[in-house]
Amino acid sequence: MNKAALSTWLRQAGLMHLADQLRFRVLQLRHRRENQRFRAAHPGVALPPDYLMYESFRLRYQSYYAGGRETAEWLRAELAPYASLQGQHILDWGCGPGRVVRHLPEVIGQGCRFTGTDANAASVAWCRAHLPGITFLHNGMRPPLALAAASVDVAYGISIFTHLSAEGHASWLAELLRVLRPGGVLLLTTHGAAFGAILTPAERVRFDAGELVERRQVREGHRVFAAFQPPAFLRRLFGEQLEVLRHTPGQWLGQGASQDVWVLRKK
């Protein structure tokens with residue numbers, strides 16, 4: 001049984017969350033010594049509890065911290081051609097336990113205002129307690145955000161739409177448009193055509209027809225709720241309100257795929 005078929009069976013049997021908890025425990029044991037070495041070598045680095053890290057990313061402290069810095073630098077490079085990043089209000093939508101946004105004051109500059117928002121109250125509480133100089137807000141699984149209209153200059157959501165339903169896509173894009181100022185820039189990453197290799201035959205038919213593919217039977221927003229976005233679906237979603245500045249398709253990397261990157265401007 002391949003991974004796609006196994007995932008379908010676990011969802012239908014109501015066992016997907018249990019299987020994910022077991023995977024978490026296995027990885028916790030597998031990476032324990034490596035993580036202990038990282039903690040000993042970097043005693044001043046605040047690290048979130050293991051499950052908060054795992055739920056939002058992976059369970060390797062080096063990847064969370066150093067990889068978060070690399071992603072922050074990548075984000076700066078992706079946005080810089082389209083937005084002035086100095087003195088701006090920058091929003092991390094779906095910040096989790098601060099993997100990326102914690103590095104932005106150093107990577108982009110102290111003159112900016114940084115806000116992170118997330119549906120996981122525990123992640124927001126941890127970030128507030130350990131990452132000073134950044135505003136953290138808790139939101140529900142549906143809008144609104146606790147932000148004024150047109151108050152954000154630049155927003156990004158890294159692998160957030162990948163865990164939302166069709167209803168979530170529509171409501172959250174409308175909310176991001178509400179808080180983003182006219183001319184503001186939005187960066188999103190999604191599951192594009194490079195993920196075709198892990199779709200079931202039925203899922204592939206829907207994807208190729210330009211339809212959103214959802215793997216449900218689990219809690220929306222959780223890491224095991226998966227959504228796959230054909231470019232045609234996203235372009236319809238963006239409509240006339242967003243200008244596509246750049247779309248970079250992901251690539252199949254042998255053991256997995258990289259996500260599509262969309263850089264957009266609010267008209």
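Each reported figure results from applying straightforward, stated rules to the coordinates on display, with no laboratory input. On a predicted model such as this, the values are computed, not experimentally measured, just so you know. Here Cβ is always computed from backbone atoms with ideal geometry, including for glycine, and neighbour counts include all displayed protein chains.
Structure above, values below:
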| read-out | value |
| --- | --- |
| For a label point 7 Å along the Cα-to-beta-carbon line of residue 33, residues of the stretch 56-82 with backbone N under 17 Å | 60-62 |
| Extension gain (nm, one decimal) between residue 21 and residue 148, 0.36 nm per residue minus Cα-Cα | 42.0 nm |
| Packing rank of 131-137, 247-253, where each peptide gets the mean count of other beta carbons within 10 Å, highest leading | 131-137, 247-253 |
| Cα centroid separation, the stretch 230-267 to the stretch 94-170 (Å) | 20 Å |
| Ordering of 14-26, 116-128 by burial proxy (mean other Cβ atoms within 10 Å per residue, highest first) | 116-128, 14-26 |
| For peptides 58-70, 234-246, sequence by mean Cβ density within 10 Å, most packed first | 58-70, 234-246 |
| Amide H partners (placed H, <5 Å) of residue 184, local residues excluded | 266 |
| Semi-axes of the equivalent ellipsoid for the chain, Cα gyration tensor, largest first, Å | 27, 26, 17 |
| Overall form of the stretch 213-252 per C-alpha gyration tensor (a/c, 1.5; a/b vs b/c) | prolate |
